[in-house]
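A quick write-up on the structure given underneath.
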Amino acid sequence: KDGYLNIPFLVSKQDAFFLSNNVKVPIELVYYKEQAIQIQDGNRTRSMLGDRFTCNGGATNCTAGTVAYLQHLDFDKPITIYDMSEIPISGTVTIRGTDCPLQNALVCPVRLSSQGDKSPSTKSCAATDEFGKYVVTAHINTEVYLELKVRDEDDMAVTAGHSFEPGPFSAAIVDAANSIRAMRPIKIENRPYENYNFEDIGMAPLEIAVAGGGQDHCDFLLGNATIKMSVPGCSWPGEQFSQATVYKNYTFPAQKLQFQVMSVSSFDGTGDLPNVNRYFEDPSTIQSIDLTEDAELRAMAQTYEDEYQKENPDSNSTSGVYGDMYEPSAIRFQFDGTLDMEIDIYGHSSTNLDSRGDAYPKTDCWECSDPPPDTALLQKNANQNPSSVLDFSWKATLYYDIETCDGMQRCNDAMFDEDGAQMRVNVTSEVGIDYIQNPPFDEWAQQLSNEDQNNLNRCSPKSPCTELVSDSNYDNVTYSYAEGSLYAGRPNIDPPFTKPLTFQVVGHDVRKEIDCIVTGAFGDSPYLSIEVPEYLPIMILRDPPGSGSYVSYENIQTTMSFNKANRDWDVGDGIGVEFNKVHSDEESECEGFAGEQVCEKVGVETTSRTKNRFSLHAKSNLLFSEERSMKYELTTTWSYKTSTSPWNAGRKSDVFVVPQVTLQLSETTVLAWNPSICAVEETTESSLNATYEPNTAG
């Protein structure tokens with residue numbers, strides 16, 4: 001009775017004689033339970049055969065039995081045997097409101113001592129399985145309560161933000177006025193304790209954003225979003241809710257959760273947004289978040305914040321360490337839309353006197369009602385050499401077209417891609433390439449500086465350029481763009497007179513090709529040459545008498561000056577040119593017999609130098625007449641010496657130096673933009689090129 005029993009022994013006279021002589025008589029005691037405890041563990045039934053008995057104050061394991069000794073004059077001596085059998089306690093742990101099991105939750109029976117103290121017995125703690133089930137044991141004839149904790153990925157117990165209450169049909173008894181720790185003790189008897197089911201009721205805050213474009217500069221409201229919350233690995237279908245703003249704050253179970261945008265529609269219910277919904281149908285847009293430790297991190301940060309405020313009582317800071325340690329949980333669903341690119345081609349300011357031309361990318365600059373699409377006009381200034389190069393600039397502006405319930409919106413925040421990498425733009429230019437390599441091109445290229453020749457090959461198909469996209473703020477609007485400069489050479493004289501300029505966003509299917517129309521002169525094509533001899537010598541070189549003697553002139557610069565009074569040109573009937581001539585000689589060295597002057601100068605006049613090329617513009621097959629006076633100078637350098645032959649010494653070797661002018665008539669193809677017809681106009685201009693060489697006659 002009450003765990004006590006008396007065992008009487010009948011002792012014979014003989015045995016009593018031995019007992020009277022202080023002889024101890026051993027008595028073997030064997031004990032066991034009549035029935036094993038059966039428990040349901042998962043989908044199977046198993047027996048708890050863990051009966052355990054101890055003796056000598058619990059110091060000796062006597063589960064298999066013990067031996068007692070009878071001795072003379074020992075009356076009512078107690079023999080204490082402790083039943084240390086472990087009784088199973090089982091149940092489930094779920095997440096409230098989800099019907100989902102809570103896996104890896106830690107359940108521990110806490111034993112109350114005879115003084116009511118709580119001493120956790122970690123020996124029999126158990127973690128819930130994938131079904132949320134657990135089995136723990138408690139010693140028979142003890143009083144225990146159950147303590148539950150959530151564990152993180154490192155198996156560390158998380159207590160803040162999590163509390164447990166009995167679930168539906170739970171056998172647990174909870175004092176409603178207190179927490180789970182005040183649950184009434186369970187007096188463990190020799191029977192199983194089942195259906196001790198609990199729910200984790202811990203909640204955590206979460207901000208959800210559903211937006212179009214980046215949050216720094218765009219953040220467009222897409223429409224009325226339907227979002228589903230679910231628990232990974234759980235068959236529970238989840239919970240759906242609507243969100244009609246970009247940002248909204250919620251509280252959800254402090255667990256590992258998944259969120260998915262199911263649909264986005266207009267507020268009037270007229271239909272979905274096809275591009276937006278097609279994007280969110282992709283499983284990669286599903287977002288997961290772990291709210292398990294949110295409350296603990298928040299509590300930890302607040303503790304540091306309180307300590308900071310104590311150490312800095314004069315501080316007005318409301319963030320302190322708190323703001324650095326804890327950031328409220330948030331997820332963002334962002335639809336970036338369709339990436340696109342806009343190209344601007346532009347030249348220098350008209351006030352820049354050094355500008356060699358301009359570029360017109362926009363409609364209002366073409367002076368034309370219907371300019372060709374995706375075309376840039378690279379037009380050289382009239383006061384510049386039409387065969388020179390033209391430097392111009394380009395800008396590639398990246399942006400997103402975003403479909404929203406309010407129509408298409410443009411987001412200029414496109415400096416980085418979805419992986420956070422900085423955008424890049426590849427540029428391939430053919431505006432500096434000549435499609436016709438001929439002698440006139442070689443002559444034109446030789447006039448260019450080395451820098452200009454290198455600039456013409458900038459970003460060519462053989463070596464495309466790559467520029468990073470940066471951003472800038474203008475009038476409170478952020479723009480993402482890449483920019484650079486290029487050079488245009490001679491025009492393309494084959495219809496449609498364009499040269500391609502291609503822009504490609506690296507890693508994206510965004511490509512723009514601009515047709516560039518380069519105006520100006522293509523190059524010279526000589527077709528007529530006329531030699532105009534001059535019979536009045538500019539000097540006579542007299543050979544000294546005597547065998548082996550000679551006279552030499554080296555590096556002589558001779559300049560011919562022409563005064564043009566009238567010039568008529570009929571391409572069909574020939575060409576007539578009338579000049580007034582003035583001769584000029586400059587001699588660097590005169591050699592001969594010592595003391596004998598052998599040079600004779602004729603009509604010396606010093607004038608300023610001009611270029612040795614002049615042009616006459618006329619339309620083909622038409623007579624062109626111009627009445628004005630112009631002056632040109634042609635300079636050449638020459639060397640000559642008389643004969644050293646003894647048979648021709650003296651007058652036979654005298655030399656008359658006679659100038660000779662060669663006139664070369666050339667045609668030049670010139671492209672110009674005609675705004676009246678909104679097209680390129682091709683014309684042919686003729687030019688007259690004069691060269692001069694002294695001719696010698698003996």
**Distance cut-off 18 Å, percentage of C-alpha pairs in the range 178-287 lying past it** = 62 percent
**Prompt:** Arranged from highest to lowest average of other beta-carbon atoms within 10 Å per residue, in what order do the peptides 335-346, 479-490 appear?
**Reply:** 479-490, 335-346
**Request:** At a 1.4 Å probe radius, which order do TYR31, TYR279 fall into by accessible area, largest first?
**Result:** TYR279, TYR31
**Protection-proxy order for peptides 294-301, 306-313, 454-461, each taking the mean of Cβ atoms within 10 Å per residue, highest first** = 294-301, 454-461, 306-313
**Prompt:** How much length, in nm to one decimal, is gained on full extension between ARG151 and TYR69, taken as 0.36 nm per residue of separation minus their Cα-Cα distance?
**Reply:** 24.3 nm
**Asked** Computed FRET efficiency, Cβ-Cβ of THR338 and ASP515, R0 22 Å: what is it to the nearest 0.05?
**Response** 0.40
**Asked** Can you list the HN-Hα couplings for the range 481-495, worked out from phi with the Karplus curve (6.51, -1.76, 1.60; θ = phi - 60°), rounded to whole Hz and with x for Gly and Pro?
**Response** 7, 10, 8, x, 10, 9, 10, 10, x, 6, x, 9, 8, 9, x
**Complete:** Of the convex hull enclosing the alpha-carbon atoms of the range 210-252, the direction-averaged projected area in nm² is 3.8 nm²
**Request:** Any of LYS149/LYS256; LYS395/LYS499; LYS462/LYS499; LYS187/LYS256; LYS133/LYS187; LYS149/LYS310 with alpha carbons more than 26 Å apart? Name them for me.
**Result:** LYS187/LYS256; LYS149/LYS310
**Extension reserve of the SER472-THR662 stretch, reckoned as 0.36 nm per residue once the Cα distance is removed** = 62.4 nm
**Prompt:** Taking a 1.4 Å probe, which of LYS512, LYS13 shows the most accessible area, and what order do the others take after it?
**Reply:** LYS13, LYS512
**Item:** Sequence ranges 467-477, 645-655, ranked by mean other-Cβ count within 10 angstrom, highest first
**Value:** 645-655, 467-477
**Request:** For an R0 of 60 angstrom, estimate the FRET efficiency from the Cβ-Cβ distance between LEU112 and ASP15 and round to the nearest 0.05.
**Result:** 0.85
**Request:** Taking 7 Å along the Cα-to-C-beta vector as the label spot, tell me the ASP268-TYR31 distance in nanometres, rounded to one decimal.
**Result:** 8.6 nm
**Request:** Rank these residues by their accessible area, most exposed first, probe 1.4 Å: HIS508, HIS162.
**Result:** HIS508, HIS162
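The values are calculated or read from the model by the stated rules, or taken from the named source; none is laboratory data. Bear in mind the structure is a predicted one, so any value in this text is a computation, not a measurement. All Cβ positions, even for glycine, are placed from backbone atoms using ideal geometry, and neighbour counts span all protein chains on display. Side chains are part of the model used for accessible areas, which takes the heavy atoms of the whole protein and leaves out ligands, DNA and RNA. Shrake-Rupley method; radii C 1.70, N 1.55, O 1.52, S 1.80 Å.
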